[in-house]
Amino acid sequence: MVGPAAHRTGRARSLHAMSVGTSALFAFDNSFVRDLPELYRPWQAEPASAPSLLALNDDLARERGADPDALRTPEGVAALIGVSVPEGAEPIAQAYAGHQFGNYSPRLGDGRALLLGEIVDVHGRRRDLHLKGSGRTPFARGGDGKAAVGPMLRELVIGEAMHALGIPTTRALAVVATGDHVVRDTVLPGAVLARVAASHLRVGTFQWTAANAGPDVLRRLADHAIARHHPAAATATDPYVAFYDSVVTAQAELVARWMMVGFVHGVMNTDNTTISGESIDFGPCAFIDRFDPATVFSSIDHGGRYGYGNQPTVLQWNLARLAESMLTLFDDDTDRAVAAATEVLQAYPARFRQAWTTGMAAKLGLGDLRPDDRELVDDMLRLMHDQRIDHTQWYRALAGVLRGDTTTARSLAADPAAIDAWLDRWHHRATDQAVGPVEVAAAMDRVNPLYIPRNHVVEAALTAATAGDLAPVTELVDVLRHPFDERPGLERYTMPAPDGSGPYVTFCGT
Ligand code: AMP
Ligand code: MG
């Protein structure tokens, strides 16, 4: 059961008794709990036998108005994983549904996660503080409610990389080892992730609400989401259509940014598609090395549904599911509601293309777009694929061409001579601008990362951390926090996996 009555259970009351009574670690203000009691169950994190802090994001803590030193104390660590409820927190498991690989699951929800509460940060932004791996909840189905050290540190690594790349993302505030074991293919050390997000509203939240909670709750959910994420929609002629339009735009821009850094999310189910436009859930995600639109990393994605090149299309499919769940808000008349949704959705390809083309122009050092540029870009992508060119190294090497080094760019192609004509074309175009080549190259370096989370490097760091050595993860995160600034001694972070290492495979069962 999900509903207001859950507030009155003994379990909910007991939460207060367990609150950390000393000075508040965070100033919570829990709007979701207030606004949407039908969409959660109050719940409590499971105890951990020997909690120890593996990573704390000091800057993110300070941004939350929290004192990192207080979070490092045993009381702080216990609060970070919800085993003692920090003052003002109201931990809940949220309900949601979702299409997973195209199939509808009517009841997903936080199976191993809890929303501790919301904090208005030092910039005045409301942010969720959320736990993952904190034990079974009423939504756990067959799951054990747990998470392992490796995958939770992966959330830290990828979240920090995305943030530094300028891509909207959820981020890890802390990763805490529980001292308990988690059984997967092998026995692994357990961990809890404390995650910060603009919210945990998903397409799947709307799907669950439309299917289970009735029109009034759906409207309240939409109003809550508008106030939180897309406030301009509130004053539009048709606020709910305007809200939908804003989500479509935010998500189109997000996936365009993913494409430009070679990110493959790997599990773009509707429960992993946010209303805020942030990236969420870094389970089977990975970054491409050689440019190939068909790249799939996830071991369970047999059809390539969530492959690199499919992401913009599958996102549109997810956004259509969001429209379906909101039709009753768009118009009382179903035909008119469908027409309104269709009009927004039909604008999606152009929105995506706009975001993508603008981004690609910046990557290629083209200040203003000209009619021929699209062909230049399309021809480049074809060449990158044919010539097995490393996606990340390529754009930095192009900036090098403007500084007089053509050798590096050519060396990235299987057959260097095959890219000469294109390089000439691009060079001609990039140097035919008001700003000189040195400035253009510098601008390119500000948008084209040198350091991304290379799959083999991430994997090695997580393996070391699982065995107890955190140094490689710490160093990797430091490198990824400044992805555009070349620093000596970090060459290995710029390299693709060595030849012969075989295809990289990621797993969902984290
Ligand atoms: P994810 O793949 O992490 O996005 O999770 C999809 C759904 O499965 C969500 O409802 C999760 O809460 C649930 N889930 C994933 N792993 C577990 C687990 N170990 N125990 C309970 N629920 C889980
Ligand atoms: Mg998820």
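Mean sequence separation of contacting Cα pairs (under 8 Å, at least six apart), scaled by the length of the chain, corresponds to a relative contact order of 13 percent. Once you sort the root eigenvalues of the Cα gyration tensor of the range 210-273 as a ≥ b ≥ c, which label holds: rounded (a/c under 1.5), prolate (a/b larger than b/c) or oblate (the other case)? Oblate, because a/c is 1.5 or more while a/b does not exceed b/c.
Using a probe of 1.4 Å on the protein chains alone, the accessible area found for PHE297 is around 20 Å².
Estimated at 0.36 nm per residue, the fully extended path between THR235 and ASP216 surpasses their Cα-Cα distance by 4.9 nm.
Mean separation of Cα pairs under 8 Å and 6 or more residues apart, divided by the residue count, gives the range 43-94 a relative contact order of 45 percent.
Pairs of C-alpha atoms in the range 365-426 farther apart than 18 Å represent 30 percent of all such pairs. In a fully extended conformation the segment linking ALA347 and LEU470 would gain 39.7 nm over its present Cα-Cα distance, using 0.36 nm per residue.
Applying 0.36 nm per residue to the separation of HIS456 and VAL187 and subtracting their alpha-carbon distance, the gain on full extension is 94.6 nm.
With a cut-off of 11 Å between beta carbons, the residues surrounding VAL505 carry a summed charge of -2, where Lys and Arg count +1 and Asp and Glu -1.
Evaluated on the range 411-510, the Kirkwood hydrodynamic radius is 16.7 Å, with distances taken between all distinct Cα atoms. Listed peptides 195-202, 316-323 appear in the order 195-202, 316-323 once ranked by packing, highest mean of other Cβ atoms within 10 Å at the front.
Across the range 114-124, coupling constants 3J(HN,Hα) worked out from phi with the 6.51/-1.76/1.60 Karplus curve, θ = phi - 60°, read 9, 8, 6, x, 10, 10, 8, 7, 5, 8, x Hz, and Gly and Pro carry x. On a per residue basis, the convex hull of the C-alpha atoms belonging to the range 271-349 measures out at 115 Å³.
For the range 334-383 versus the range 156-220, the spacing of their alpha-carbon centroids is 29 Å. Simple spin-label estimate for GLN433 and SER501 gives 3.2 nm between the two label positions (7 Å along the Cα-to-Cβ direction from each Cα). The 3J(HN,Hα) values that the Karplus relation (6.51, -1.76, 1.60; θ = phi - 60°) gives for the range 292-302 are, in residue order, 8, x, 7, 4, 10, 10, 5, 5, 9, 8, 5 Hz. Gly and Pro appear as x. For the range 319-415, the relative contact order comes to 16 percent (Cα pairs under 8 Å, sequence separation of at least 6). Expressed as a fraction of 2.2 N^0.38 Å, the value expected for a compact globular protein of N residues, the C-alpha radius of gyration of the chain is 1.00.
The values are calculated or read from the model by the stated rules, or taken from the named source; none is laboratory data. For clarity, every value in this text was computed on a predicted model and none was experimentally measured. Because the Cβ atoms are built from the backbone with ideal geometry, glycine has one as well, and the counts that use them run over all protein chains shown. Accessible surface areas use protein heavy atoms only, side chains included; no ligands, DNA or RNA. Shrake-Rupley method; radii C 1.70, N 1.55, O 1.52, S 1.80 Å.
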